[in-house]
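Here's the structure we're looking at; comments come further down.
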Amino acid sequence: MAWIRVFLLVFIVLLPLASSAKEVRACIIDSYGIRVTNYVRERLEELLKRKYTLVSYSRKSCDVKVLLGTPAVVRALKEGEKGRVIYTFVMFPELLRLEKKKNFIGIRIFPLPKRTAEKFFTYTGLERKKIAVPISKDMVKLAKRYLPPDLFDLVPFSGDVATVYPKLKDYSYVYVFPDPVVLRIVNMLNLVKFCKNSGIILISGLPDLDRYDVNFIYAVDYNDLVDIIVELINENPKERIIPCPARVKVWNR
């Protein structure tokens, strides 16, 4: 009978732990509903349920909210969200001053340009030189926050990105910043064509640019992104914005 008493004692001790784990309710709010966020949401739900975490898609009765996309984050800020928030798919979290919000923990959705440049040089072994960045004039102020001058030269333009081609010829490398004007289909196609014809290597931290034949892409690893979100459910790191979990997706010359 002694073993029965031991079993009951262990059961009584472990029961509250199991119950407390099941009490965690994670509410996942996807404000984009695109292919990649659907993938992240579905995999996240699968992993959380394995950890006895209750998953909801409501905005109410949440122990932690997982927000995918800028619109969901903006709404949470406007509503004065006081609970624990984990967010990603926000391109420029500093613009929303999210690093100041103690209850918001973010994961960058693209690696910072300096990190991408350093990875490019170490991965390829190519000569370290200044990298040109074509940037629309409305984006210059923002770009300066993310592009340190020791590695990057900003090359501003108005309207058509082709106006900076003569200046780009003086460089061996061009970095594609997430500038909406540069990322317009016609501008990207023309920029890639110009760089190919000029022997310039195009570098980016945006995963979708593989369709434009960009030479080097160091971009988010979505599986690692989900793993980090799962870890953060029960952790409270000192960093308010976690570096993007990235991998080399493309390298060709």
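The values are calculated or read from the model by the stated rules, or taken from the named source; none is laboratory data. Source: prediction; values computed, not measured. Cβ placement follows ideal geometry from the backbone for every residue including glycine, while neighbour counts extend to all protein chains displayed. Ligands, DNA and RNA are excluded from the accessible area calculation, which covers all protein heavy atoms including side chains. Shrake-Rupley method; radii C 1.70, N 1.55, O 1.52, S 1.80 Å.
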Scanning segment 232-247 for residues that are surrounded by 14 or more Cβ atoms within 10 Å (Cβ to Cβ) and in contact (Cβ under 8 Å) with a residue 60 or more places away in the chain, the one nearest to Phe121 (Cα to Cα) turns out to be Ala246
Check your understanding: Does Ser172 satisfy the condition of being over 28 Å from Thr53 (Cβ atoms) and modelled with pLDDT under 95?
Key -> no
Taking segment 181-193 and keeping only residues that are surrounded by fewer than 16 Cβ atoms within 10 Å (Cβ to Cβ) and without any contact (Cβ under 8 Å) to a residue 24 or more places away in the chain, one is left with Arg184, Ile185, Val186, Leu189, Lys193
For segment 199-221 the number of residues that are touching a Phe, Trp or Tyr at 6+ places or on another chain (Cβ under 9 Å) and either assigned to a loop (DSSP other than H, G, I, E, B) or open to solvent by 50 Å² or more (accessible area, probe 1.4 Å) (or both) is 4
Exactly one of Asp160, Asp179 is modelled with pLDDT of 95 or more, of a type in the set (Asp, Glu), in the same structural domain as Met139 (by the TED database) and under 21 Å from Ala132 (Cα atoms), and that residue is Asp179
Kindly check whether there is at least one residue in segment 162-180 that is farther than 25 Å from Leu126 by Cα and within 25 Å of the chain's Cα centre (by Cα).
yes
